[in-house]
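The values are calculated or read from the model by the stated rules, or taken from the named source; none is laboratory data. The structure presented is a predicted model; accordingly, all values stated were derived computationally and were not measured. Don't worry about glycine lacking a Cβ; one is built from the backbone with ideal geometry, like all the others, and counts go over all protein chains shown.
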Amino acid sequence: MFFQKEIETMPRQKIEELQLERLKWLVKYCFDNVPFYNKRLSEAGVAPEKIKSLSDIKYIPYTTKDDIRDTYPFGLFGQPMKKIVRIHASSGTTGKPTVVGYTKNDLENWSDCVARLCAAAGATDEDIVQIAFGYGLFTGALGLHYGLEKIGATVVPTSSGNTEKQIMLMQDFKTTALVSTPSYAQYIGEMAREMGVIQNMNLRLGLFGSEGCTEEMRGQIEKTLGLFATDNYGMSELMGPGVSGECEFRCGMHIAEDHFLAEVIDSKTGEVLPKGEQGELVITTLTKEGIPMLRYRTKDITQINYEPCACGRTHARMAKIKGRSDDMLKIRGVNVFPSQIESVLMGFDQIAPHYQLVVTRENFSDALEVKVELADSSLLENYGELENLQKKIHHNLKTVLGIDTKVSLVEHKSLERFQGKAKRIVDLRKS
Ligand code: DLL
């Protein structure tokens with residue numbers, strides 16, 4: 001289903017014409033309205049007239065999270081506060097948050113983009129949707145909230161947490177769709193099963209996002225909750241959710257290309273990679289007024305497919321995020337993405353989909369411990385079987401990662417559960 005079919009199925013040439021028109025507007029807008037960009041562009045010798053074709057974007061310097069932090073809180077805003085009608089922020093693990101502002105036009109565009117991904121996943125005005133993302137400065141909850149209202153769905157803003165009540169309401173309201181992180185959906189499924197009410201659930205659709213989730217993990221969640229789930233990508237600096245999302249064919253997340261111009265670069269050299277290659281995603285926001293972004297380095301690793309999709313959409317599709325360039329673990333010189341480990345672990349029935357990666361440094365050498373929960377603690381009494389399982393996991397991890405890991409099988413329910421984004425990496429090398 002489409003929310004804005006004409007835009008979503010535009011011929012590529014038309015998309016590129018629109019992008020060029022908007023890019024020209026954006027560069028002039030940034031030049032005229034944001035002193036930070038005026039200085040950056042001037043130093044790089046990029047006057048707005050220099051942008052004559054889409055490839056001229058290469059003259060524009062990248063913008064990074066540090067630039068937003070250095071101008072905290074409102075230094076990159078393109079409009080006076082009088083015109084800013086909403087503020088969001090991403091928490092970050094250290095220091096000040098990254099603050100973003102929206103004009104009325106931005107909110108309108110944002111809810112359009114989110115409405116598109118909801119419709120693409122199959123949500124309709126018949127759906128009763130529980131939003132179990134945390135409401136607040138985080139963009140996830142309010143982003144989905146307004147997009148879903150726009151397609152006429154019934155929104156139930158439960159926020160995250162209070163899981164038992166969440167499950168009770170799901171049964172009483174006959175909730176048909178769940179919005180959450182995949183890890184919270186997994187936790188809800190686990191708890192509903194323990195409460196003995198999983199068969200009373202009426203869910204058919206999951207709109208997930210805000211963190212990575214392998215196909216294997218998604219399969220498990222779908223089986224437990226009896227739903228069809230799509231993956232949706234976004235980030236506060238760019239807008240929030242709505243940057244890209246899967247359609248019913250689930251072969252990549254369609255980027256809202258009328259609002260976002262995507263590039264993929266080599267994160268080490270900063271060089272733009274040829275179309276289709278894997279690297280760091282860089283996004284230029286083509287319509288945002290509140291806090292416009294010129295070539296923002298997301299640090300997320302993906303690749304983009306420009307072929308039209310079976311669903312009829314012509315907007316390019318980005319592959320599931322492989323990881324963040326700063327989440328990638330370097331273990332004894334080998335690059336390891338947590339998603340590779342998750343894929344291996346999901347291949348074993350005897351373990352639950354809960355794991356933690358602990359990295360330490362001993363005698364100047366990195367060590368990676370993969371802690372994973374047993375699906376059923378009774379296995380702890382069968383030493384032979386336990387050892388066998390541990391060896392198999394170790395072997396499969398070594399085949400995929402090319403390095404030795406320590407595999408620790410831990411008791412069922414001993415690892416932390418998450419109501420928002422899961423934190424699975426504990427890197428003790430830094431402390
Ligand atoms: O997580 C926005 C969002 C909310 C997207 C709800 C989708 C649904 P931030 O909190 O700023 O914004 O976090 C952005 O989360 O750079 C990625 O590393 C990660 N991320 C977001 N969506 C996905 C996804 C929101 N579908 C950061 N798969 C991004 C993998 C994701 N990682």
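Mind checking which residues of segment 406-431 are of a type in the set (Lys, Arg), more than 16 Å from the ligand (Cβ to nearest atom) and in contact with a strand residue (DSSP E or B) (Cβ under 6 Å, 6 or more places away or on another chain)? Give the derivation first.
From segment 406-431, those of a type in the set (Lys, Arg) are 406, 413, 417, 421, 423-424, 429-430; that's our starting set.
Checking the rest, the ones that are also more than 16 Å from the ligand (Cβ to nearest atom) come to 406, 413, 417, 429-430.
Matches in segment 406-431: 406, 429.
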Could you tell me which numbered condition residue 280 fails, if it satisfies all but one of (1) surrounded by fewer than 16 Cβ atoms within 10 Å (Cβ to Cβ); (2) out of contact with any helix residue (DSSP H, G or I) (no Cβ under 7 Å at 6 or more places or on another chain); (3) touching a residue at least 12 places away in the same chain (Cβ under 8 Å)?
(1)
Filter segment 29-49 down to residues that are assigned to a helix (DSSP H, G or I) and within 19 Å of residue 285 (Cβ to Cβ), then give me how many there are.
12
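Filter segment 28-46 down to residues that are in contact with a Leu (Cβ under 7 Å, 6 or more places away or on another chain) and among the β-branched types (Val, Ile, Thr), then give me how many there are.
Of all residues in segment 28-46, those in contact with a Leu (Cβ under 7 Å, 6 or more places away or on another chain) come to 30-31, 34, 36-37.
Cutting the leftovers down to among the β-branched types (Val, Ile, Thr) gives us 34.
The total comes to 1.
Identify the residue in segment 8-24 that is assigned to a helix (DSSP H, G or I) and exposed (fewer than 15 other Cβ atoms within 10 Å of the Cβ) and, among all such residues, is nearest to the chain's Cα centre (by Cα).
So, considering only residues that are assigned to a helix (DSSP H, G or I) and exposed (fewer than 15 other Cβ atoms within 10 Å of the Cβ), the one nearest to the chain's Cα centre (by Cα) is 12.
Out of all the residues in segment 237-250, is one or more more than 26 Å from residue 99 (Cβ to Cβ) and surrounded by 24 or more Cβ atoms within 10 Å (Cβ to Cβ)?
Kept after step one, since they are more than 26 Å from residue 99 (Cβ to Cβ), are these residues of segment 237-250: 246-250.
Imposing the further condition that a residue be surrounded by 24 or more Cβ atoms within 10 Å (Cβ to Cβ) reduces the set to 246-247.
The answer is yes, given that some residue of segment 237-250 is more than 26 Å from residue 99 (Cβ to Cβ) and surrounded by 24 or more Cβ atoms within 10 Å (Cβ to Cβ).
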Among the numbered criteria (1) surrounded by fewer than 24 Cβ atoms within 10 Å (Cβ to Cβ); (2) under 26 Å from residue 116 (Cβ atoms), which one does residue 232 miss?
(1)
Hey, among 277, 289, which residue is over 28 Å from residue 341 (Cα atoms) and at pLDDT 95 or above?
289
Can you give me the number of residues within segment 161-174 that are touching a residue at least 40 places away in the same chain (Cβ under 8 Å) and surrounded by fewer than 23 Cβ atoms within 10 Å (Cβ to Cβ)?
4
Failed item in (1) among the β-branched types (Val, Ile, Thr); (2) under 18 Å from residue 211 (Cβ atoms); (3) touching a residue at least 60 places away in the same chain (Cβ under 8 Å); (4) not in a helix (DSSP H, G or I), with residue 179 passing the rest:
(3)
Select from segment 359-417 the residues that are among the polar types (S, T, N, Q), touching a residue at least 12 places away in the same chain (Cβ under 8 Å) and over 13 Å from residue 341 (Cα atoms) and list them in ascending order.
360, 365, 377, 390, 408, 414
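Criterion first (within 16 Å of the ligand (Cβ to nearest atom), surrounded by fewer than 16 Cβ atoms within 10 Å (Cβ to Cβ), assigned by TED's automatic domain parsing to the domain that holds residue 153 and at pLDDT 95 or above) does residue 124 satisfy it?
Values: within 16 Å of the ligand (Cβ to nearest atom): no; surrounded by fewer than 16 Cβ atoms within 10 Å (Cβ to Cβ): yes; assigned by TED's automatic domain parsing to the domain that holds residue 153: yes; at pLDDT 95 or above: yes.
Taking the combined requirement at face value, the residue does not satisfy it.
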Total residues in segment 307-354, condition part of a strand (DSSP E or B), aliphatic (A, V, I, L, M) and touching a His at 6+ places or on another chain (Cβ under 9 Å):
2
Going residue by residue through segment 299-320, is there one that turns out to be among the hydroxyl-bearing types (Ser, Thr, Tyr) and surrounded by 21 or more Cβ atoms within 10 Å (Cβ to Cβ)?
yes
Flagged pairs (Cβ under 6 angstrom, 6 or more apart or on separate chains; first in segment 135-150, under 16 Å from residue 235 (Cβ atoms) and modelled with pLDDT of 95 or more; second within 9 Å of the ligand (Cβ to nearest atom) and assigned to a loop (DSSP other than H, G, I, E, B)) are 139/236; 140/133; 140/210; 141/133
With respect to residue 89, determine if the residue is under 18 Å from the mean Cα position of the chain (by Cα) and hydrophobic (A, V, I, L, M, F, W, C).
yes
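Is it the case, given these coordinates, that residue 104 is in contact (Cβ under 8 Å) with a residue 60 or more places away in the chain and either crowded, with 24+ Cβ neighbours inside 10 Å or more than 16 Å from residue 225 (Cβ to Cβ) (or both)?
Details: in contact (Cβ under 8 Å) with a residue 60 or more places away in the chain: no; either crowded, with 24+ Cβ neighbours inside 10 Å or more than 16 Å from residue 225 (Cβ to Cβ) (or both): yes.
No.
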